[in-house]
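The values are calculated or read from the model by the stated rules, or taken from the named source; none is laboratory data. What you see is a predicted model, and the numbers here were worked out from it, not measured in a lab. As a convention, Cβ positions derive from the backbone with ideal geometry for all residues, glycine included, and neighbour counts pool all protein chains shown.
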Amino acid sequence: MTTAAHTQQTPERPPLTLVKDDTLPAVEGTVVEHQGAELATRPAWVLSAGERARLARQHAATNWGYLPWAARGYWRLAARWVDGYRDDYPQMIRTARADRKAARGNAEAEQAATRNVVRLREAYKHHRLVYGAKTGAWMATTGTAGGVAVATGGVWTSLLLGLVTIGYGAWRGQPSVIAAEDDPGRIEILSADGEPFPIADATSRTEAAECVRRALVSEGIAVAEVEAGRRYDWGWEINVRLKKGTPADLIAKAGDLETPLDLPVDGLLCQPLRTSRARATLRLVEGDPFVKMPALPDRAPNSGRLRDRALLALRMDGQPTELSFLGLHFIVIASSGGGKSVTMRSIGDVLTACEDTVVIDLDPGGNGLEPLAEAVGVRVVGADQMHIIEAVLEKLLKIAKARATLLGHLGMGDNWIPSHEYPAIVALIDEYPQLSPKAKALVVAILRVGRKARVQVGLAAQEATKDSIGAAIADSIALKIVGPARHQDIVQVFGAGAGANGYRPDRLHPAQGEDPADAGKAYIMGGGQHDPLIHKFISMTPAEGKERAAARAAAGRPWIDDISLQAAGVTFDDLHTVKPRTALPEAVELARLAFTASSDPERMTSEEIYEYVSSASETWAPQDDEEPAKAMARFQEALRKQAAQIAPNVDMKTKQWRDGPDRHKGYLLATLLQLTDEDA
């Protein structure tokens, strides 16, 4: 258990910061810290005309004026013309002759075979005449036009025609065109099926497409088209168009398809395309996509802003994962050994480097952001410190509500604008399911009112059970990160249908002993990430975290502005005086927390209260075949009995009121405050 050491409030130094008193003044203007390696080349459009000409001359000289390309191009055109001239007739005639030879001894069959040979020869003769006539007519027309142009146009016309002729041949003979013609990577399903073969045996895009086609057909999937996309160091990316069914059929059979493709366990990933219900992208993962991870970005003290996009991870297709946390609540789910701590520390590293963000570290079941402890504003860890965690969350909720009233006064418009003077607040809460019911209700309330006030919450947990996560993420969390997890976590976090759309963190594996497996890998939804691709977060060692935190503390970290603290009527100097509160009966506690989660409205209907209660506690949710109305009546009966035990004189009958033409029945906040002995 740990709480941040508090200093006495002074004009130069606000309370509860973990830094020295030598705070640097705010930097004026825009501060942008580049994350990741700087590109070594400029875009083509930046180059000058002279530079382009120099590069063109160099390229032409390197390729001998493109003459070899032109010769190769016309040679291939000539070969294509010969193929058209023959049109497979020689092969068909040889086959007919073989059939005639095989029919010897059977007069009728031999005569039929002879007639077939004669017919093919006549057809071949006619085809050559027509093909030759068409070619001759085209050459006569083109030759005449070219001759006239040369005769009347002089030297420059001849030179231009020569350049055009060479240019067309060079274009037809350039390596990329030849590669596309010889290995198109795309096939149409026109013939009988072949036996599947391992994807490792595919040496070209066309072979990879055929490999996948055969595997799909062997599993009974009606496929219309297969096209090999890009080949990565880790495997293949294949585009598939189905004849019938949906990509969900592919996802359901992913495990079975791994056998004919000879892939590792969970090595086949499927991403349906939004633009076409019949299409999907398959990723055949033969090796580790994250062998070449980028180095941990250097983040100098107060070098970033909450709105900046910061490099946090690498996507499996090689693209950097850059996220901005401005106005975003987020959640991280990963089972034990799944890399949850790595992810939270990576995010904490970004946030503690921002000049306009105060970080709050709360963890009832672990050690939180211990390596970054010196750079956080308030830190409370340990299950025996739950009453202090509740107090911190109550203060944050009051600040969020107060800031809504200050927006116009400070000229900020509709949303709080973070700065060094008026920083955003981000509370990172690990082991969220271990919070007390009151703390969870306070988190839900902050999620609902904190975004515009830039009082944000980042949650982390090992699993997403309905009672602990459901109410919190229902309508407020925009950024969702899920590492190795259970199948039911997909629905709780990403929503129904996410698994069928390719989000399968249940196919990632947590670390086992010395084997890291898929620890630190995750699927991300939100924050600009729209595709079900695996990301791997850049790890930071505890030693690196402590070194960075010390440097940031020495440089001076921002603290919550006095205007917000005064408007909310709170201070963080009194946390050491907070005492554990007396526990209330469960039904009374939950009814009170329903009001807390809704920011304490004057009254709530019975249905609104029960909606929160049933999501927060399995005890009062409908059991087996129990009707929701009966379950709500069961809760209300328990509420009346428990209220009578602690406050016999409080009237717990439901109240009625009108809202326009509608009549409602429920409870008043004042009644619950009498039960809990709170000030109104």
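Taking strands (runs of 3 or more DSSP E) as the structural unit, those lying wholly within the stretch 253-345 and holding at least 1 residues that are closer than 30 Å to Ile446 by Cβ and of a type outside the set (A, V, I, L, M) correspond to 320-323, 330-333.
Pick from the stretch 536-578 the residues that are charged (D, E, K, R) and not assigned by TED's automatic domain parsing to the domain that holds Glu394: which of them is nearest to Thr352 (Cα to Cα)? Write out each step before concluding.
We begin by selecting, within the stretch 536-578, every residue charged (D, E, K, R); these are 536, 544, 546-548, 552, 557, 561-562, 573-574.
Filter again for not assigned by TED's automatic domain parsing to the domain that holds Glu394, leaving 573-574.
On the way: Asp573: 21, Asp574: 24 Å.
Only one residue tops the list, namely Asp573.
Suppose the filter is hydroxyl-bearing (Ser, Thr, Tyr) and not in a loop (DSSP other than H, G, I, E, B); does Ser599 pass it? I'd like the intermediate steps shown before the answer.
On the way: hydroxyl-bearing (Ser, Thr, Tyr): yes; not in a loop (DSSP other than H, G, I, E, B): no.
When the stated conditions are applied, Ser599 does not pass them.
Filter the stretch 604-635 for residues that are more than 38 Å from the chain's Cα centre (by Cα), without any contact (Cβ under 8 Å) to a residue 24 or more places away in the chain and part of a helix (DSSP H, G or I) and give the result. Ala629, Lys630, Ala631, Ala633, Arg634 - these are the residues of the stretch 604-635 that are more than 38 Å from the chain's Cα centre (by Cα), without any contact (Cβ under 8 Å) to a residue 24 or more places away in the chain and part of a helix (DSSP H, G or I). Within the stretch 658-674, the residues that satisfy the criterion of being more than 20 Å from Ala633 (Cα to Cα) and either of a type in the set (A, V, I, L, M, F, W, C) or surrounded by 10 or more Cβ atoms within 10 Å (Cβ to Cβ) (or both) are Ala670, Leu673, Gln674. Selection of the stretch 271-301 for residues being among the β-branched types (Val, Ile, Thr) and either assigned by TED's automatic domain parsing to the domain that holds Val223 or surrounded by 14 or more Cβ atoms within 10 Å (Cβ to Cβ) (or both) yields Thr275, Thr281, Val285.
How many of the residues making up the stretch 400-438 are aliphatic (A, V, I, L, M), in a helix (DSSP H, G or I) and buried (at least 23 other Cβ atoms within 10 Å of the Cβ)? Working first, answer last.
From the stretch 400-438, those aliphatic (A, V, I, L, M) are 400, 402, 404, 406-407, 410, 412, 417, 424-429, 435; that's our starting set.
Next cut, in a helix (DSSP H, G or I) only: 400, 402, 404, 406.
With the extra rule that they be buried (at least 23 other Cβ atoms within 10 Å of the Cβ), the set shrinks to 400.
The qualifying residues number 1.
Taking the conditions (1) in a loop (DSSP other than H, G, I, E, B); (2) buried (at least 21 other Cβ atoms within 10 Å of the Cβ) in turn, Ser564 satisfies each one other than (1). Annotation note: Cβ proximity below 8 Å between a residue of the stretch 370-391 that is over 16 Å from Val443 (Cβ atoms) and a residue that is aromatic (Phe, Trp, Tyr) (sequence gap 6+ or interchain) occurs for Gly377/Trp559. Within the stretch 114-129, the presence of a residue that is of a type in the set (Gly, Ala, Ser), outside any helix (DSSP H, G or I) and surrounded by 13 or more Cβ atoms within 10 Å (Cβ to Cβ) is excluded.
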